[in-house]
Amino acid sequence: MSDWVFVCATGQLLPGEKAVVWADETPILVVNLDGELYAVEDRCTHDEYELSSGEVDVAEGSIACILHGARFDLRDGRALCAPAYDPVAKFPVKIEHGGIWTRDDRE
Ligand code: FES
């Protein structure tokens with residue numbers, strides 16, 4: 001489990017925008033979906049490509065992996081289409097002291 005990691009000031013992640021931080025060895029993708037913040041591992045479960053290179057679909061609440069086209073639901077991490085079948089890890093997000101924070105809460 002990592003410590004909380006500072007992502008950015010709250011005003012710096014606007015709806016539809018994304019940011020990536022590292023929590024120890026874990027890359028975490030944080031996305032503002034129309035005002036709600038979500039964090040998932042920035043690693044596609046198909047072939048480990050970085051999901052943050054893909055486009056956020058705000059209406060669907062998803063992000064597409066640009067390598068082979070898998071899509072993941074940013075709200076719960078589940079894979080929405082082949083070639084990925086396993087969900088990406090989902091992480092907590094909090095707002096504190098005017099900033100956005102996340103952590104890898106896995107044991
Ligand atoms: S690495 Fe993401 S779809 Fe293949």
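Okay, here's what the table says:
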item	result
In Hz, Karplus ³J(HN,Hα) per residue of the stretch 21-28 (6.51, -1.76, 1.60; θ = phi - 60°; x = Gly, Pro)	9, 10, 10, 6, 8, 9, x, 10
Karplus-derived 3J(HN,Hα), 6.51/-1.76/1.60, for each residue of the stretch 95-107, Hz, glycine and proline x	10, 8, 6, x, x, 9, 10, 9, 7, 8, 9, 6, 6
Carbon and sulfur %, accessible surface of the chain computed with the full protein complex present, 1.4 Å	46
Sparse-neighbour loop sites [chymotrypsin sites (Phe, Trp or Tyr not before Pro); the chain; at most 11 other C-beta within 10 Å; DSSP]	Tyr85
For the chain: Kirkwood Rh in Å [reciprocal of mean 1/r, alpha carbons]	13.5
HN-Hα J in Hz across the stretch 48-53 - Karplus 6.51, -1.76, 1.60, θ = phi - 60°, x for Gly and Pro	6, 6, 6, 5, 5, 6
Formal net charge of residues neighbouring Trp4 (Cβ-Cβ distance under 13 Å; K, R +1; D, E -1)	-3
Relative contact order (percent, whole number), the chain, Cα cutoff 8 Å, 6+ residue spacing	28
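The values are calculated or read from the model by the stated rules, or taken from the named source; none is laboratory data. Computed from a predicted structure; not experimentally measured. Cβ: placed from backbone, ideal geometry, glycine included. Neighbour counts: every protein chain shown. All accessible areas refer to the heavy atoms of the entire protein, side chains included, with ligands and DNA or RNA removed. Shrake-Rupley method; radii C 1.70, N 1.55, O 1.52, S 1.80 Å.
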